[in-house]
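Structure, as structure tokens:
Derivation of every value follows stated rules applied to the coordinates shown; laboratory data play no part. Note that the structure is a prediction, hence the values are computed from the model and not measured. When we count neighbours, we look across all protein chains shown, and the Cβ atoms used for this are built from the backbone with ideal geometry, even at glycine.
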Amino acid sequence: MVEKRIKILFILPSLVPGGAERILSYVAQELDKNVFDTTLLVTGYEADTVYNLKNLKIVYLNKPRVLKSYGAITKYIKQNKPEIVVTAIVHLNTLAAFISLRFPKIKFIARETNVLTSINNHNPHPGSYFPNSIVKIAYKLIDKIICQSKDMQQDIIENYGISEKKTVLINNPITQKYQVKTNNRVEQDSLKFITVGRLGKEKGHDRILDALSKISFKFTYTIIGDGSEKEALFNKIKLYKLENVIEYISYTDRVSNYLTDSDLFLQGSYVEGFPNVILESCVVGTPVLAFKAPGGLAEIVQTGQNGYIANNMDEYVEFLNNLNTNFIFNPQTVSETVIKKFDSKVIIGQYEDLFRKSVK
């Protein structure tokens, strides 16, 4: 007799470029099809999709905003009767929490994507339609909250009044197979830096530029991403007269190629959830220089092996200057630090274990 599969509905606001969108859709795609009957419900538009997802049923609601999808989500759940509903990103998690009141027999699981207290301090309006007080009420209605990092889990427990038993720590997986580069560019006379990520205030591109303005050796710097801080970023580039050494790319599906061709990933974030692109940079053998910040940085970056975390601007600049004279990182070592810990099979196994336990 064939055992009945567990019916899971994943919900995302869109499939535009973004860490939350990519990771949760990847999890939905990779779950064991013999055990799970999986559907991905997208509140936004199919035309915005950038991810090539295979062997996954995807339904688009074609709504302009998450808040306007309340009725459509409720109707879909009522008609299709999933056993588990999984959401990501704070405004969708909050909406789903209140929808859960209508479906007491269904398990609602939210995947948080940020250290909320910290990101609210640096960017008071990170895209949520709900005030923090409402988020706190909503999160207590959720059956389980997936946290990507230890800092995120601690924040949810201490600042949102959530019981530790209602949280689970699952780091993000390595979602692609990458070729580890063989060179470490010791003989080259110019270092290649790169940053990939949304151009938002909390991402700290401004302080990366501050640091680069303080070094005198030759370098090039590639910035990949788009966002609300683009104009301010370019104003600062002009202020520091860095136009000739900077390449800007709003979006590309060849991020791994750019990471491979770079010597060092520069991270300026004031707060992170779990920085997927840092993980990807390490996988291909490109080390990371980051500022100390709440989030998953400390769970990825191992000092001296795959990068360095600076406590302040002086340490950041000092590391850059020392790196120019003594490039110490071996690409194979950089890659090995993350391969086993964040292997896709390991992380997907943790998700499958969580879902099995949720319906028992």
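Ranking request for peptides 18-25, 63-70, 270-277: highest mean number of other beta-carbon atoms within 10 Å first, then the rest in descending order. Walk me through the numbers on the way to the answer.
Details: 18-25: 22.0, 63-70: 15.9, 270-277: 24.9.
Packing order, densest peptide first, comes out as 270-277, 18-25, 63-70.
As I understand it, the value is the acute angle between the Cα axis of helix 19-30 and the longest principal axis of the Cα atoms of the chain; what does it come to in degrees, rounded to 10?
Here the helix axis deviates by roughly 50 degrees.
What list of ³J(HN,Hα) couplings, whole Hz, do you get for the stretch 193-200 from phi and the Karplus terms 6.51, -1.76, 1.60, once you set θ to phi - 60° and write x for glycine and proline?
Result, rounded to whole Hz: 9, 8, 9, 10, x, 4, 8, x.
What share of Cα pairs, in percent, lie more than 11 angstrom apart in the stretch 8-59?
Values: 871 of 1326 pairs.
It works out to 66 percent of all Cα pairs.
Run the Debye formula on the Cα coordinates of the stretch 183-335, all scatterers equal and no solvent, and tell me log10 I(q)/I(0) at q = 0.08, 0.18 1/Å.
Each listed q maps to, in turn, -0.19, -1.09.
Pairs Lys105/Lys144; Lys136/Lys357; Lys144/Lys292; Lys7/Lys345: which exceed 23 Å Cα-Cα? Mind showing how you got there, number by number?
Working: Lys105/Lys144 14 Å; Lys136/Lys357 25 Å; Lys144/Lys292 29 Å; Lys7/Lys345 21 Å.
Listed pairs above 23 Å: Lys136/Lys357; Lys144/Lys292.
Quick one: compute the contact order of the chain, relative version, from alpha carbon pairs under 8 angstrom and 6+ residues apart, as a percent. Don't skip to the answer; put the middle values down first.
Details: 667 pairs, mean separation 54.2, N = 360.
In percent, rounded to a whole number, it is 15.
Take Lys360 and Asn330, extend 7 Å from each Cα along the Cα→Cβ direction, and tell me the distance between the two endpoints in nm.
About 4.3 nm separates the two model spin labels.
Can you tell me the FRET efficiency between Val35 and Asn235 if r is taken as the Cβ-Cβ distance and R0 is 51 Å, rounded to the nearest 0.05? Could you put the intermediate results ahead of the total?
Values: r = 52 Å, r/R0 = 1.03.
It comes to 0.45.
Measuring from a point 7 Å past the Cα of Ile215 along Cα-to-C-beta, which residues in the stretch 299-323 have an amide N at less than 19 Å?
301-323
Taking the simple approach of a point 7 Å from Cα along Cα-to-Cβ for both Ser344 and Lys78, what is their distance in nm?
In this crude spin-label approximation the distance works out to 3.8 nm.
What is the calculated FRET efficiency for Lys68 to Glu243, with r their C-beta to C-beta distance and R₀ = 51 Å, to the nearest 0.05? Intermediate values should be presented prior to the final figure.
Numbers: r = 42 Å, r/R0 = 0.81.
With a Förster radius of 51 Å, E is 0.75.
Step by step: find N for the chain, compute 2.2 N^0.38 Å, then divide the Cα radius of gyration by it. What's the final number? Kindly include the intermediate steps, with their values, before the conclusion.
Working: Rg = 20.9 Å, N = 360, 2.2 N^0.38 = 20.6 Å.
Computed over Cα atoms of the chain, the ratio equals 1.02.
Calculate the FRET efficiency for Asp189 and Ala47 from the Cβ-Cβ distance with a Förster distance of 41 Å, rounded to the nearest 0.05.
After rounding, the FRET efficiency stands at 0.35.
Only helical DSSP H runs with n ≥ 4 go in: add -39500 (n - 2.57) per run for the chain, normalise by residue count and round the 222 nm mean residue ellipticity to 500 deg cm²/dmol.
Details: 14 runs with 134 residues, N = 360.
Mean residue ellipticity, 222 nm, calculated: -11000 deg cm²/dmol.
Using only the alpha-carbon atoms, how far is helix 70-80 inclined from the longest principal axis of the chain? Give it as 0 to 90 degrees, nearest 10.
On a 0 to 90 degree scale, this one is about 60.
Skipping prolines and chain starts, which residues have an amide H placed within reach, meaning under 5 Å, of the one on Phe36, given they are 5 or more residues away or on another chain?
Residues meeting the criterion, in which the H sits 1.01 Å from N, are Ile6.
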